[in-house]
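Just below is one structure, and these are the notes that go with it.
The values are calculated or read from the model by the stated rules, or taken from the named source; none is laboratory data. No experiment lies behind these values; they were computed from the predicted model shown. Here Cβ is always computed from backbone atoms with ideal geometry, including for glycine, and neighbour counts include all displayed protein chains. Please note that ligands, DNA and RNA were not included when accessible areas were found on the heavy atoms of the full protein model with its side chains. Shrake-Rupley method; radii C 1.70, N 1.55, O 1.52, S 1.80 Å.
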Amino acid sequence: EGATVRLLSQQAANLVFTAQTSASGTFTVSAIPAGYYSVEALKAGYRRGLMQNVAVADSATTILPEFILENGASISGRVTTAAGFALPNATVRAVSPDSMAFAGSAVTNAAGYYSIVGLVRNANYRLVVIQNQGADNSPYSRLIFLTGDLTINIEVVDFGPQFLVTCQRDAADSTSFT
């Protein structure tokens with residue numbers, strides 16, 4: 001399956017067109033009004049590709065430079081309570097620890113599993129978990145350094161200000177933080 005290509009109007013910041021690339025990576029979008037656009041390429045497991053200020057003229061063909069989507073890293077795992085029960089509908093976010101800029105997020109499924117894909121390798125992230133159900137909606141967070149795909153299982157202890165994160169890169173490497 002190819003990548004999804006989205007054209008966003010820079011004047012109105014609206015999504016204008018979407019297309020799927022072919023197996024060879026090409027795509028065509030017709031009848032685009034003249035103007036300036038941002039072109040975004042998205043594919044699961046890859047970092048987002050973005051071109052800004054793409055000028056489209058009336059009745060003209062616009063040929064874009066090649067997008068090269070970089071292989072991204074992922075963070076996945078399961079969020080549970082101290083009793084081992086799944087915590088569904090919790091939001092797990094990866095943000096820049098310095099600027100708190102959003103890098104990716106996922107909502108846990110009914111079994112508490114999540115997966116955030118397309119993250120930059122060899123970068124620091126703050127992993128933030130926000131419980132979406134119940135009275136206590138305070139975030140839980142941990143700082144991590146992501147070198148590749150990583151499994152992080154998060155145990156929320158009594159929904160209080162403390163939680164346990166168990167990181168497993170593989171069977172031989174397991175680290176816990178509290």
* What number of residues in region 49-100 are among the hydroxyl-bearing types (Ser, Thr, Tyr), more than 24 Å from VAL39 (Cα to Cα) and assigned to a strand (DSSP E or B)? -> 4
* **Cross-chain or 6+ apart pairs with Cβ under 8 Å, region 142-163 first and of a type in the set (Ser, Thr, Tyr), then at pLDDT 75 or above and open to solvent by 20 Å² or more (accessible area, probe 1.4 Å)** => THR147/ARG121; THR147/ASN122; THR151/SER76
* Asked: When you look at LEU42, is it under 13 Å from the mean Cα position of the chain (by Cα) and farther than 30 Å from GLU155 by Cα, yes or no?
  -> yes
* Take the residues in region 112-128 that are surrounded by 12 or more Cβ atoms within 10 Å (Cβ to Cβ) and outside any strand (DSSP E or B), then tell me which one is modelled with the highest pLDDT. => GLY112
* If only one of ASN71, ASN53 is modelled with pLDDT of 85 or more and polar (S, T, N, Q), which one is it? -> ASN53
* Asked: Restricted to region 45-84, and to residues that are under 15 Å from the mean Cα position of the chain (by Cα), among the aliphatic types (A, V, I, L, M) and within 30 Å of THR28 (Cβ to Cβ), which residue is surrounded by the most Cβ atoms within 10 Å (Cβ to Cβ)?
  -> LEU69
* Pairs where the first residue, in region 115-128, is under 23 Å from ALA90 (Cα atoms) and the second is open to solvent by 70 Å² or more (accessible area, probe 1.4 Å), C-beta under 6 Å, 6+ apart -> VAL117/ALA44; GLY118/TYR46; GLY118/ARG47; ASN124/PHE145; ARG126/LEU143; VAL128/ARG93; VAL128/PRO139
* Asked: What number goes with the only condition from (1) among the hydrophobic types (A, V, I, L, M, F, W, C); (2) in a loop (DSSP other than H, G, I, E, B); (3) crowded, with 16+ Cβ neighbours inside 10 Å that ALA103 does not pass?
  -> (2)
* Structure fact -> Reported set for region 21-44 where residues are open to solvent by 40 Å² or more (accessible area, probe 1.4 Å), farther than 30 Å from ILE75 by Cα and part of a strand (DSSP E or B) is TYR36
